[in-house]
Each structure stands twice: as structure tokens, then as C-alpha cells.
Amino acid sequence: MKKEYIDITSYEGEGYVPMIDYGAWRVAILRYCEELELQNLETMQKHNETDEVFVLLSGNCTLFTGGSKDTIEEIDAVAMEPLKLYNVKKGVWHTHTLDKEASVLIVENVDTNDSNSPKALMTQEQIRMLRDAYHMQK
């Protein structure tokens, strides 16, 4: 295959890495990293300008949401199923936890960044609710 026709990339490291930016969209990979272990989750993030799509490729990932108000509210959890699309709507607080074998494909706007994607520190009660939600969906 001629290289000018297809770019072939992969990622085997830890954490989040953008793989392809084109026009208005970005494709990224999220893999296990220590900060996303259940016992280390302390924040949620929301994107004020775009939805964000997650697709579990391998391993296990649990996606958490915290409502769409100015502050984190009710905490929900869903154990992602491989090859299903999970579209987190614009303005919804969210985070996730992954096992060491997990790979998640992410599709988002190329201009998604810290200036339009605030983070919020969860209270101890919210962290307890998040952990309870995780254990209930298992």
C-alpha cells in the first residue's frame, strides 16, 4: 500500500493520546493509566462545545456521568460493551475507569481542550456515590 493513500498508526502506551486530527474532528485512544483507577478518581470533566464518543475496543471500561448542571449532581455508571458507541452529550459531567487491558477509541472535536472542557473536583460524598455506582453495575 502506498503511504500517500493510508496512514497506519497504533498506540500501546498508557493514558490518552490523539491519533489523527482532520478538519473539525479528532480520533484518540485512551488506555489504562493510574490516575483513572477507581480509587484515584477525584474529578469529572465536561465539554461545553461538543459531544464526545467512546467505543470500547478491548478490556473493561466503566463510564460515569454526573448530570449537566453547573455542578456535578447524580452519579450514574455504565459498564461499556465492546464495539458499542457511547455518545456523552455536550455539557455532561463524565469520567471513566479502565482496566490494564482496556483500549477505548474516542472521537471528539479537534478544538476540545482545557479552556472549553472544565474539570470539577468531586466531594467525598460524590466519590462514595461513584464507587457505589461502579460496584452496582458489576
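For the reader, a short list of remarks on this structure follows.
- Rounded D (µm²/s) - region 15-137, Kirkwood Rh over Cα pairs, Stokes-Einstein at 10 °C, 1.306 mPa s: 109
- Net charge dipole size for region 73-138 [Lys, Arg +1 and Asp, Glu -1 on Cβ; Debye, nearest 20]: 80
- Alpha-carbon centroids, region 1-40 and region 85-138: separation in whole Å: 17
- Reach of LYS90 by Cα under 24 Å, taken over lysines that are not fewer than 8 positions away in the same chain: LYS46, LYS69, LYS119
- Gaussian network model of the chain, springs between alpha carbon atoms under 10 Å - residue of LYS84, LYS46, LYS100 with greatest fluctuation: LYS84
- Each Lys and Arg Cβ is given +1 and each Asp and Glu Cβ -1; about its Cα centre, region 15-137 then shows a dipole of about 160 debye.
Computed from the coordinates by the stated procedures, all read-outs in this text should not be read as laboratory data. What you are looking at is a predicted structure, and each value in this text was computed from that prediction instead of being measured. Using ideal geometry, Cβ is built from the backbone for each residue, glycine included, and neighbour counts are taken over all protein chains shown.
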